[in-house]
Amino acid sequence: MNVITCIEDLRVLAKARVPRMFYDYAESGSWTESTFRANEADFQKLLLRQRVAVNLENRSTRSKMIGVDVAMPVALAPTGLTGMQHADGEILAARAAEKFGVPFTLSTMSICSIEDVAAHTKAPFWFQLYVMKDREFIERLIDRAKAAHCGALMLTLDLQILGQRHKDIKNGLSAPPRLTLANMLNLMSRPRWGLGMLGTKRRHFGNIVGHVKGVEDMSSLGAWTAEQFDPRLNWSDVEWIKKRWGGKLILKGILDVEDARHAADCGADALVVSNHGGRQLDGAPSSISALPAIVDAVGPRIEVWMDGGIRSGQDVLKAVALGARGTLIGRAFLYGLGALGEAGVTKCLQIIQRELDLTMAFCGHTDIGRVGPSILLDPPRNPNRELVELARAPALGSSGGARSVAVG
Ligand SMILES: Cc1cc2nc3c(=O)[nH]c(=O)nc-3n(C[C@H](O)[C@H](O)[C@H](O)COP(=O)(O)O)c2cc1C
């Protein structure tokens, strides 16, 4: 690989450098992966209006997300096991985000702990919370996030139960990982990754190991995690968490207009239209197709953001055009991290910002704050209306199967 010019280049390099078990963990969706694929494919259906002879000097992608100044309306999404894509992954990604001027979100299921990331960064990062049955553990996590001066709590609502990803089961991605001969050979073929891992002590779920009674190693952790996600999670828990946290609250994993109304009613600062990157309900609509109806329903009451399938600055621009006041990127930054560590995450952000800036200019705009639906071709040529219809259609069902403990 010579010159890296796009997110796809980072993906290809990450695939060569990250052990298959962890690369596949990121690069997969649940069951048939139809929603995972639709997240990207539906962006391609939106066509942009090219405009000419507009003064394009002095352009800006700067914006605000829940009052935070951002270099562009993009934040790093919470992703579990990020420290397995690259040694110390969460710290490296948080540093890259801080230097670039976009928010970083730390997952509950991170390898580096809240305290560890706080010790290696200056800008307040956001903390993502999964609701576990052990409510005392949740209270302690919230208190730890407060003590680390996290700027917002992102509560994920779409993972009370786990979607099934075939690749994770087949690869033996569990806690502890199943060390088959194939896995060992594959790990040995990634020496750069292996050296990094040998050089760090951060190899467990840092927010959990040592913070829960009886969870001291990978196998006790596996047993705990597998039974901890709380299937009873409901809107009264959201109220309770909001009160306990007391700061800015972002609700993640909303795909339905009715749920968006609940999110707005409970006074959250932002909601993220998201299907968890196609990793939970396969057969659900793509996030970009679900976005317009949700913006219509609650847009003035709550900041509506989206994630899922963003692989370029053009995708960010299209989301903004359809009313998203912010976006999150997951896999795009993970590819950068797996490929080149901190420099790769920086590269990912640079690529996205450049694409966003140039595409905005081609559409005749100089300020991201003024971009609206008029940059998209009008219906009927604009398939946007179809996408809204698609978002309102009932989701398809899927069959059950074995469960992996590879969460997030
Ligand atoms: C490897 C991986 C791990 C993830 N782990 C979490 C997690 O721990 N918490 C969470 O709320 N979402 C998690 N997500 C979902 C992301 O936050 C985000 O919704 C999704 O990645 C967006 O789609 P994209 O990857 O196409 O950008 C994960 C996604 C991936 C790819």
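The numbers here are math on the coordinates, done by the rules we state, and not lab data. If you're wondering where the values come from, they're calculated on a predicted model, not measured in any experiment. Counting neighbours? That spans all protein chains shown, and the Cβs are built from the backbone with ideal geometry, glycine included.
Would you check which residues across region 298-314 are out of contact with any strand residue (DSSP E or B) (no Cβ under 7 Å at 6 or more places or on another chain), in a loop (DSSP other than H, G, I, E, B) and within 15 Å of the ligand (Cβ to nearest atom) and list them?
Passing the criteria: G308, G309, R311, S312.
Only one residue in L317, L271 is crowded, with 24+ Cβ neighbours inside 10 Å, free of Cβ contacts under 8 Å to residues at least 40 places away in the same chain and more than 12 Å from the ligand (Cβ to nearest atom). Which one?
Residue meeting the stated conditions: L271.
Which condition breaks for L81 when tested against (1) touching a strand residue (DSSP E or B) at 6+ places or on another chain (Cβ under 7 Å); (2) within 16 Å of the ligand (Cβ to nearest atom); (3) over 13 Å from Q353 (Cβ atoms)?
All conditions pass for L81, except number (1).
Six or more apart or on different chains, Cβ under 9 Å: which pairs go from a residue in region 143-159 that's in contact (Cβ under 8 Å) with a residue 60 or more places away in the chain to one that's more than 9 Å from the ligand (Cβ to nearest atom) and of a type in the set (S, T, Y)? Could you list them?
R144/S113
Of the conditions (1) more than 16 Å from the ligand (Cβ to nearest atom); (2) touching an Asp or Glu at 6+ places or on another chain (Cβ under 9 Å); (3) within 18 Å of L159 (Cα to Cα), C266 satisfies every one except a single condition; which number is it?
(3)
Could you check, for region 105-118, whether at least one of its residues is within 16 Å of the ligand (Cβ to nearest atom) and part of a strand (DSSP E or B)?
Among the residues of region 105-118, at least one is within 16 Å of the ligand (Cβ to nearest atom) and part of a strand (DSSP E or B), which makes the answer yes.
For Q280, work out the one condition from (1) assigned to a helix (DSSP H, G or I); (2) crowded, with 22+ Cβ neighbours inside 10 Å it doesn't fulfil.
Result: Q280 fails condition (1) only.
Residues that are over 18 Å from E33 (Cα atoms): find the helices (runs of 4 or more DSSP H) completely inside region 161-200 holding 3 or more of those.
181-188, 191-198
So A53 passes all but one of these: (1) assigned to a loop (DSSP other than H, G, I, E, B); (2) buried (at least 17 other Cβ atoms within 10 Å of the Cβ). Which condition number does it fail?
Result: A53 passes all but (2).
Any idea how many residues of region 190-209 are among the small types (G, A, S), in contact (Cβ under 8 Å) with a residue 12 or more places away in the chain and out of contact with any Ser or Thr (no Cβ under 9 Å at 6 or more places or on another chain)?
Kept after step one, since they are among the small types (G, A, S), are these residues of region 190-209: 194, 196, 199, 206.
Narrowing further to those that are in contact (Cβ under 8 Å) with a residue 12 or more places away in the chain: 196, 199, 206.
Pick out the ones that are also out of contact with any Ser or Thr (no Cβ under 9 Å at 6 or more places or on another chain) and you get 196, 199.
Qualifying residue count, region 190-209: 2.
Just one of the numbered conditions (1) over 30 Å from I66 (Cα atoms); (2) part of a loop (DSSP other than H, G, I, E, B) is not true of G247; which one?
Condition not satisfied by G247: (1).
The conditions are (1) hydrophobic (A, V, I, L, M, F, W, C); (2) under 23 Å from T35 (Cα atoms); (3) within 15 Å of the ligand (Cβ to nearest atom); (4) buried (at least 23 other Cβ atoms within 10 Å of the Cβ), and L349 fails exactly one of them. Which is it?
(2) is the only condition that L349 fails.
Just to be sure, is R261 away from the ligand (no atom under 13 Å from the Cβ) and within 21 Å of I66 (Cβ to Cβ)?
yes
Being surrounded by 24 or more Cβ atoms within 10 Å (Cβ to Cβ), within 9 Å of the ligand (Cβ to nearest atom) and within 17 Å of S289 (Cα to Cα) is the filter here, so list the residues in region 24-40 that pass it.
Of everything in region 24-40, those that are surrounded by 24 or more Cβ atoms within 10 Å (Cβ to Cβ), within 9 Å of the ligand (Cβ to nearest atom) and within 17 Å of S289 (Cα to Cα) turn out to be F36, N39.
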